[in-house]
Every structure is written in structure tokens, then in C-alpha cells.
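The block underneath contains the structure these notes are about, expressed in C-alpha cells.
No lab work stands behind these numbers, since they all come straight from the coordinates. These numbers come from a predicted model, not from an experiment. For neighbour counting, all protein chains shown are included, and Cβ atoms are generated from backbone atoms with ideal geometry for every residue, glycine included.
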Amino acid sequence: MPAAVRSAFDVAFWFADTAAHDNEYLQPQKLQRLLFLAQAYFVVAFNGRTLMPAVFVADELGPIEPNVYAAFSKGRPDIDVELFLSTEVESFLSSIWRRFGHYSTERLSRMTNDTIAFRHALKQGRRAEIPLDAIRISFARAEATPAIDQIVKPKILRTQTGKPVAVKSWVPGTAKPAVTK
């Protein structure tokens, strides 16, 4: 299944631009935690589909995407990125920013470092890859992090009679089997 965006830089620039728009300084470590959270929650929300083609590794300070980390080490890199992301991705990233953008770097680090996926990878050594499936399981269980329904709210629309209905994108294969009695 292809990733929702072309590269991790597309998401990193989105967070950097959003922070700048909100007059907030985005520390490099905070950017790394937001990238990790975005990937993790996207994988849970979209049944294993990745937000970005990225590999996260365990660092003593927390999970990092090493390519983005290196590129942003001396400030904003001069590279081509997708400035216009799909509506689905924009909406999702906005949810992540609304929920976590105001958190301190330390709070985000505590949250991400308490996940089973990160702790297991760090036990293997510094710069050990954090497997995507382990990330998905950690965030689906929501033991150290908020549950997915606290991050991505269903879109509420109204029927022609005015009755509210929850609407979400159709994802094949997510229907629960019918219960027979």
C-alpha cells in the first residue's frame, strides 16, 4: 500500500510552516516527535497504511527519522516538497497539530518514549529501527498515548432531515462481520 505523501519532508515542512503560521518556534526534537506521532496515528487510523515513507530509529532522546533530522540540523533545508497535500492528509495533520502542537518537547518525548515500540527498540541499541508494526500495536493499544478517537474526530454531517451522522472515508476491508443469533 503506497504512503499518503511522497516523502517525510512533505510532512516535516507542513509542521514547520504551520508552527511558523501560529508564531511558534518548532524545536528540532519537537518536530521529530510530531513526525513520529503523525506516522503512528495514521497507521492506526488507516489500517496499516503509512502517512510517509519513513523509518524511525530509537535515539537516547526519543524516536527520530534520521534523514529529516540530518537535513534540518542546520535549519530549514532548501529542497523541493509537495506544498499542497491531499485534503485527507491536511485534515489528519491538522488533527495532530491541534492535539499535540501546544505540547512541550519534553511532554511529547515522555509520551513517545513510554511506548512499548520505542522502549523495545532502544533496548536493542541506539539507532535501532522501530518496526512499523510495533508502532501500530503500541498506538492501537493506547497505553502511553491518547486513543485514536481522541485525535481523529469523525466528520459530522446532517441528513436531509437534519439528523446528525458520523462520516469517515471508506477503507476496504474494515467492516465487522455480522453477528448471527
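Per residue, what volume in Å³ does the Cα convex hull of the stretch 8-150 take up?
Normalising the Cα hull of the stretch 8-150 by residue number yields 102 Å³.
Within the stretch 24-82, report the trypsin sites (Lys or Arg not before Pro) that DSSP leaves as loop and that have at most 15 other Cβ atoms within 10 Å.
Taking the stretch 24-82 and a limit of 15 other Cβ atoms within 10 Å, the loop trypsin sites (Lys or Arg not before Pro) found are Arg49, Lys74.
Are there chymotrypsin sites (Phe, Trp or Tyr not before Pro) in the stretch 94-125 that DSSP marks as loop and that have at most 16 other Cβ atoms within 10 Å, and which are they?
Those satisfying the criteria are Tyr103.
List the chymotrypsin sites (Phe, Trp or Tyr not before Pro) within the stretch 1-59 that fall in a DSSP loop (any state other than H, G, I, E or B) and whose Cβ has at most 13 other Cβ atoms within 10 Å.
Tyr25
What is the spin-label model distance, in nm, from Arg119 to Lys163 if the labels are put 7 Å beyond Cα along the C-beta direction?
Distance between the two pseudo-spin positions: 4.6 nm.
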